[in-house]
Structures are given as C-alpha cells and as structure tokens.
Amino acid sequence: MFSLLLHSTPEEEDYLIAELSDCGVAGITEEAGGLRAFFEEDAAAGGLMERLARYRPELCAVETVDWAQVSRDAWPPLRIGERFHLVAPWWEGETPAGCLRLEIEPGMACGTGRHPATQLCLEALEKYVTPGASVLDVGSGSGILAEAARLLGAGRVIGCDVDADAILVARRRVHVPLFVGSIDALRSESQDLIVANIDAAAIEMLWSEFERVRRPGCALILSGFPDWDIPRGFDPKERLEREEWVCLVC
C-alpha cells in the first residue's frame, strides 16, 4: 500500500475527492494543506502521480492498515445550521432530537457538505423552504441541496446538472428527480425557490433563466463564489458569509 499527499485548496477539495474516487482510492484523510489518499499496491503509482500532478503529489509507502475504516473515521457527523445532521451512509448513531439526517457519501460527487459554500446554502434553505414549495437545485452535483429541500418539506424538488456522471451517482441516494441538463428545460414561472451553488460566471449567464422560471416572490439562493467574485446583476436581501465564501439570497 502507498499514499499520495495531495495539496489542494478548499475550493478544489470536492473535485479532488470525486476524482480520487474514480481512481479507486482505498481511503482518504485530511491533513494540513491537503488530503492524503491511500491506494492498494496494485494501483499504478506512476500513472496516479501524472494524473494528479496539478496537486503536487508526494508519494509515500505505508504499512498495511484498514484504511477503509480510517477513512470512515475521518467523516464524523456534522451539525449544519439548526436542523441538519450530516452523516456518511455507514454512520449508525441516532439522529439528535429535532434534527434531520442528511446522508451523503463522501467522494462520490461534488458536494459533500463540508465546503463552506454548501453549508451556507443549507442554512439558507432552512430559512426559505416553505411546506409544499416547488424547489429547483441548479448544478446539483451530489444532490445534497435538493435532498435537504425535500427533508425540509418542499412539495416538489428537481435537481439538474450538466455533468451526467454526477447525476448518475446522485440518483443512487437522493430521493428527488434529477436530470442531465440545465434550467432552460424548466417551464416558465414554475419555481417557488431556486438554489444554485455554482460559480459566479455561470450564475451571471443564467440570470435571464432564473427570471423566467421563478414565480412572483421566488427566492434565489446563490453561492459557490468567494467575496472577491460576487456575481453582478443581483439585488440581495440577505448575505451570508463563511471564511471567504458568500451566499446571496435575492
């Protein structure tokens, strides 16, 4: 068995975890400055070093350990906002009273719930999802935000993503309709709430589509960008921040 220490920035972490999953990683742990990924001896170290070169990999041989268990231990339950109890599928503990169990498998698609932008969106959903509302998650990734809206009592939730692999993975665990594509597939004035955890450029590009599909009074929850790259053209009524990440509610 060997490990690779991969130097990633916080905004790269979800993408790196998803890529490591495609590489057949045996386990992942967090370290200062990045992630350490563990592979079995039959994995091609040279090929992995080349594929992951942008993360400045450092190769290290390790003694045989149950890294699957180590990886599971590295993803303890996480409380987000007032109600969400984020857990990995293997966690068998009890959900605290008054909380909603939000189950996401780490590394299977972008959106593990550990990123500040995702957490800000979850906190905003707590405040703005109303019972029976129609909710659209644009750029759904792992489907975590769509699933959160369902747990909060939304009546109809739809998620979309242009990444077909992300949708395929998310469908295994998310209990809402997900499709490959974007907001242009939705009919006009059909949504009571729209959440988009994507980059600022994509949000600006989709502005006219947000306007088209939203019903009167529809809230837009927008995140996925740092405070130095706020999307233009929106008039937020609320701004949430964590570290350098921002969530706008319009």
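Give 136, 193, 186, 220 a once-over and let me know the one that is under 28 Å from residue 21 (Cβ atoms) and hydrophobic (A, V, I, L, M, F, W, C). Walk me through it before giving the result.
On the way: 193 fails: under 28 Å from residue 21 (Cβ atoms); 186 fails: under 28 Å from residue 21 (Cβ atoms); 220 fails: under 28 Å from residue 21 (Cβ atoms).
It is 136.
For region 20-53, the set of residues classified as farther than 17 Å from residue 7 by Cα and acidic (Asp, Glu) consists of 22, 40, 41, 42, listed by residue number.
It is to be established whether one or more residues within region 156-166 are closer than 20 Å to residue 84 by Cα and basic (Lys, Arg). Checking region 156-166: at least one residue is closer than 20 Å to residue 84 by Cα and basic (Lys, Arg).
Would you point out which residue out of 196, 200, 164 is within 20 Å of the chain's Cα centre (by Cα) and at pLDDT below 95? Before you say what the answer is, go through the steps one by one.
Working: 196 fails: at pLDDT below 95; 200 fails: at pLDDT below 95.
Unique residue meeting the criteria: 164.
Considering only region 129-151, I want to know if a residue exists there that is outside any loop (DSSP other than H, G, I, E, B), touching a helix residue (DSSP H, G or I) at 6+ places or on another chain (Cβ under 7 Å) and of a type in the set (Gly, Ala, Ser). Within region 129-151, one or more residues are outside any loop (DSSP other than H, G, I, E, B), touching a helix residue (DSSP H, G or I) at 6+ places or on another chain (Cβ under 7 Å) and of a type in the set (Gly, Ala, Ser).
Select from region 65-88 the residues that are at pLDDT 85 or above and surrounded by 14 or more Cβ atoms within 10 Å (Cβ to Cβ) and list them in ascending order.
Step one: list which residues in region 65-88 are at pLDDT 85 or above, which gives 76-88.
Across region 65-88, the qualifying residues are 77, 78, 80, 81, 83, 84, 85, 86, 87, 88.
Just one of the numbered conditions (1) in contact (Cβ under 8 Å) with a residue 60 or more places away in the chain; (2) at negative phi; (3) crowded, with 18+ Cβ neighbours inside 10 Å; (4) in contact with a strand residue (DSSP E or B) (Cβ under 6 Å, 6 or more places away or on another chain) is not true of residue 224: (2).
Is it true that residue 209 is over 20 Å from residue 10 (Cβ atoms), in contact with a helix residue (DSSP H, G or I) (Cβ under 6 Å, 6 or more places away or on another chain), charged (D, E, K, R) and outside any strand (DSSP E or B)? Steps first, answer last, please.
Details: over 20 Å from residue 10 (Cβ atoms): yes; in contact with a helix residue (DSSP H, G or I) (Cβ under 6 Å, 6 or more places away or on another chain): yes; charged (D, E, K, R): yes; outside any strand (DSSP E or B): yes.
When the stated conditions are applied, residue 209 passes them.
Of everything in region 165-200, what is of a type in the set (Gly, Ala, Ser), within 22 Å of residue 115 (Cα to Cα) and not in a strand (DSSP E or B)? Give them in sequence order.
Step one: filter region 165-200 for residues of a type in the set (Gly, Ala, Ser), giving 166, 170, 181-182, 185, 188, 190, 196, 200.
Filter once more, keeping what is within 22 Å of residue 115 (Cα to Cα): 166, 170, 196, 200.
Listed by number, the residues that qualify are 166, 170, 200.
Pairing residues of region 137-159 that are within 16 Å of residue 114 (Cα to Cα) with residues that are of a type in the set (Phe, Trp, Tyr), at Cβ distances under 7 Å and at least 6 apart in sequence or on separate chains, gives 148/84.
The values are calculated or read from the model by the stated rules, or taken from the named source; none is laboratory data. Since the structure is predicted, the reported quantities are computational estimates derived from the model, not experimental observations. Cβ: placed from backbone, ideal geometry, glycine included. Neighbour counts: every protein chain shown.
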